[in-house]
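Novice: Before we start, here is the structure in question, set down as structure tokens.
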Amino acid sequence: MDSTNIPLQPPMFGNLITVLSIDGGGIRGLIPGTILNFLESELQKLDGEDARIADYFDVIAGTSTGGLVTAMLTTPNQNNRPLFSAKDIKEFYLNHSPKIFPQARSLALAKIIKALSGPKYNGKYLHNLVKEKLGDTKLNQTLTNIVIPTFDIKLLQPTIFSTYELKNQPDLNAAISDICISTSAAPTYLPAHYFKTQDVATGTVREFNLVDGGVAANNPTLLAIGEVTKEALKGNPDFFAIKPTDYSRFLVISLGTGSPKDEMKYTSEKAAKWGLLQWLTAGGSTPIIDVFSNSSSDMVDYHLSVVFKALHCEHNYLRIQDDTLSGVISSVDIATKKNLNDLVEVGEKLLKKPVSRVNLETGVFQSCTSETNEQALRRFAKLLSTERRLRHTRSPHGKAAETPTASVK
């Protein structure tokens, strides 16, 4: 199969709805980046070296650093193929993270004053980099459906940039670069982002005042499934004969960016004495950010684990997460060469670990099978490849695209 010539056909021609989700987590995006590199290499073994992640998923969702990875995987280049392959993610983070998060040497007091007076980083390098790499590409131009959450601090409500919603809300058709800058604007770390869009048809201007999507959904898996479910409820023909509540039709890969192990987390004894300053700076980190980002991710995983188990389709949901990070490696912004390389190693070791799921009785994320994450991803790669081929076999457009003389509008 020449995956460069044949777009993924709609779910109505297949058996599954394929979803990829990537958590937020700053430089820890290297962990899911390493996982995605492995997955894409397995897909290439099955379908050729031109195979790309975007060729196989109906929707890819990402928050914060996960939103940036989502954009990298789905923004088209001049040949209408993904701008980045999964193997490019590692080098992107290794090369640019130290400039996005420069490690200034300053006294503890100076750091505290800076934390209280403005964002830790000015974001200029990130903003220029994203605009340079992604150009003027708009949301409606991505190679597959994407969902990227942000939070509007003026409206005090989430703003979800979803390709599915563009027909109902054309003013969401923002530049991918603005969306990435917004979803990455973690409070206290990077500045909030302001921009405007204009509806071409009506001329209506919409303003956005956005911060990190992790405020709304650090783990966007449920958002992605929700967007698909809404389309099925609306009668979108792409989901013909698919029941909105049939989770057995979903094939979901959800990638975390790691979290601290239990003994490294904060205690109520310490937190009981904290004021605003400590919630922002205790332990050399930002506890308030750590709390809401980790709780957001874990609650989504808990909910989906319950649903997939209740519907007897646990094998269709793969959550890959490492909750054993400790010390510097658990930070989102300590972008030293050693720490970045250590994060790559975390991702590589995570592939060798057994598949884990949240224990529904204790809430603890623990090993549940002898199958490793690497083996599970190979299994999912085969399912993704089979689903793609099936859709092309059943779809008249897929068949036409495989015929060299055919012309498909």
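The values are calculated or read from the model by the stated rules, or taken from the named source; none is laboratory data. These numbers were taken from a predicted model, which means no experiment stands behind them. In this analysis, Cβ positions are derived from the backbone assuming ideal geometry, glycine residues included, and neighbour counts consider all displayed protein chains. When the accessible area is computed, the model is the full protein with side chains, heavy atoms only, and any ligands, DNA or RNA have been set aside. Shrake-Rupley method; radii C 1.70, N 1.55, O 1.52, S 1.80 Å.
Novice: How large is the accessible surface of Tyr302 in square angstrom, using a 1.4 angstrom probe and rounding to the nearest 10?
Specialist: 90 Å²
Novice: Using a 1.4 Å probe and counting only protein heavy atoms, arrange His193, His315, His303 so the residue with the most accessible area comes first.
Specialist: Putting His193, His315, His303 in descending order of accessible area: His315, His303, His193.
Novice: Does a label point 7 Å from the Cα of Asn122, set along Cα-to-beta-carbon, have any residues of the stretch 193-222 with amide nitrogen under 18 Å, and which are they?
Specialist: 193-194
Novice: Let me know the Rg and Dmax you get for the stretch 203-254 when you use only its Cα atoms, in Å.
Specialist: Cα only, the stretch 203-254: 14.9, 42 Å (Rg, Dmax).
Novice: Sorted by accessible area with a 1.4 angstrom probe, largest first, how do Glu387, Glu374, Glu348 fall?
Specialist: Glu348, Glu374, Glu387
Novice: Relative contact order (percent) for the chain, with alpha-carbon contacts under 8 angstrom and 6 or more residues of separation?
Specialist: 24 percent
Novice: Taking 0.36 nm per intervening residue step and subtracting the Cα-Cα distance, what contour gain separates Phe240 from Gln169 on full extension?
Specialist: 23.3 nm
Novice: Given a Förster distance of 35 Å, report the FRET efficiency between Glu345 and Arg379 from their Cβ-Cβ distance, rounded to the nearest 0.05.
Specialist: The value I calculate is 0.90.
Novice: Ordering Ile27, Ile160 by accessible area with a probe of 1.4 Å, largest first, what comes out? Could the numbers behind the result be given before it?
Specialist: Values: Ile27 0, Ile160 40 Å².
In descending accessible area the options line up as Ile160, Ile27.
Novice: Also: Using only the alpha-carbon atoms, how far is helix 30-47 inclined from the longest principal axis of the chain? Give it as 0 to 90 degrees, nearest 10.
Specialist: In the chain, helix 30-47 runs at an angle near 20 degrees to the longest axis.
Novice: Gap in Å between the Cα centre of the stretch 286-302 and the Cα centre of the stretch 163-200?
Specialist: Each part's Cα centre sits 23 Å from the other's.
Novice: Further question on the same structure: If I stretch the segment between Asn15 and Ser326 completely, what's the gain in nm (0.36 nm per residue apart, minus their alpha carbon distance), one decimal?
Specialist: Full extension of this stretch gives 107.8 nm more.
Novice: Might you tell me the accessible area per residue for the chain, computed with a 1.4 Å probe and given in Å²?
Specialist: So the chain comes to 46 Å² accessible per residue, rounded to a whole number.
Novice: Mean-square fluctuation check for the chain, GNM, Cα pairs under 10 Å: which of Gln375, Gln78, Gln141 is largest?
Specialist: Among Gln375, Gln78, Gln141, the largest GNM mean-square fluctuation belongs to Gln78.
Novice: State log₁₀ I(q)/I(0) for the stretch 53-99 at q = 0.18, 0.27, 0.28, 0.31 Å⁻¹ as given by the Debye formula over alpha-carbon point scatterers of equal weight, solvent excluded.
Specialist: -0.56, -1.08, -1.12, -1.22
Novice: Over the chain, with a Gaussian network built from C-alpha contacts below 10 Å, which listed residue (Ile89, Ile31, Ile146) shows the highest mean-square fluctuation?
Specialist: Ile89
Novice: How large is the helix-only mean residue ellipticity at 222 nm for the chain, computed as the sum of -39500 (n - 2.57) over DSSP H runs with n ≥ 4, divided by its residue count, in deg cm²/dmol to the nearest 500?
Specialist: Counting only the DSSP helices, I get -13000 deg cm²/dmol.
Novice: In whole percent, and with a 1.4 Å probe on the protein chains, what portion of the accessible area of the stretch 268-405 is carbon and sulfur?
Specialist: Its accessible area is 57 percent carbon and sulfur atoms.
Novice: Cut-off 17 Å, label point 7 angstrom out along Cα-to-Cβ of Ala201: give me the residues of the stretch 208-250 whose amide nitrogen falls inside.
Specialist: 236
Novice: If you fit an axis through the alpha-carbon atoms of helix 221-233 and take the longest principal axis of the Cα set of the chain, what angle between them do you get, 0 to 90°, nearest 10?
Specialist: 40 degrees
Novice: Going down the table (Lys261/Lys353; Lys99/Lys133; Lys90/Lys349; Lys131/Lys337), which pairs top 19 Å between alpha carbons? Numbers along the way, then the final one.
Specialist: Values: Lys261/Lys353 16 Å; Lys99/Lys133 15 Å; Lys90/Lys349 15 Å; Lys131/Lys337 25 Å.
Correct reply: Lys131/Lys337.
Novice: Now, a different point. Need the full-extension length gain, Thr362 to Ala271, defined as separation in residues times 0.36 nm minus the C-alpha distance. One decimal, nm.
Specialist: 30.5 nm
Novice: If you don't mind, another one. Along the positive direction of the dipole of the chain (beta-carbon charges: Lys, Arg +1; Asp, Glu -1; about the Cα centre), which of Phe84, Thr163, Thr393 reaches farthest?
Specialist: Highest projection toward the positive end goes to Phe84.
Novice: Which FRET efficiency value, to the nearest 0.05, is calculated for Asp50 and Asp88 with the Förster distance at 22 angstrom and r the Cβ-Cβ distance?
Specialist: The computed FRET efficiency comes out at 0.95.
Novice: Find the centroid of the Cα atoms in the stretch 307-369 and in the stretch 6-31, then give the distance between the two in whole Å.
Specialist: 18 Å
Novice: Please find, in a Gaussian network model of the chain (springs between Cα atoms separated by less than 10 Å), the residue of Gly14, Gly29, Gly275 whose mean-square fluctuation is greatest.
Specialist: Per the Cα network of the chain with a 10 Å cutoff, Gly275 tops the list.
Novice: Quick one: what Rg and Dmax do you get for the stretch 187-273 from the alpha carbons, in Å?
Specialist: Over the stretch 187-273's Cα set, Rg and Dmax evaluate to 20.0, 57 Å.
Novice: If a/c stays under 1.5 just call it rounded; otherwise compare a/b with b/c (prolate if a/b is bigger, oblate if not). Do that for the stretch 142-247, with a ≥ b ≥ c from the square roots of the Cα gyration tensor eigenvalues.
Specialist: oblate
Novice: Ok, one more. Pop a pseudo-label 7 angstrom from the Cα along the beta-carbon direction at both His303 and Lys338 and give the gap in nm to one decimal.
Specialist: Roughly 4.1 nm, to one decimal.
Novice: Here is a follow-up. Let me cross-check Asp55: its accessible surface, 1.4 Å probe, with only protein heavy atoms counted, in Å² to the nearest 10?
Specialist: Probe radius 1.4 Å; accessible area of Asp55 about 10 Å².
Novice: Less than 12 Å Cβ to Cβ from Asn219, Lys/Arg counted +1 and Asp/Glu -1: what total charge do the surrounding residues give? Don't skip to the end; give the middle numbers.
Specialist: Working: positive: Arg319; negative: Asp23, Asp298, Asp301.
Net charge around Asn219: -2.
Novice: May I pose another question? What does the convex hull of the Cα atoms come to per residue for the stretch 1-98, in Å³?
Specialist: 98 Å³
Novice: Right, something else. Against the longest alpha carbon principal axis of the chain, how many degrees, from 0 to 90 and to the nearest 10, is the axis of helix 373-394 turned?
Specialist: The answer is roughly 30 degrees.
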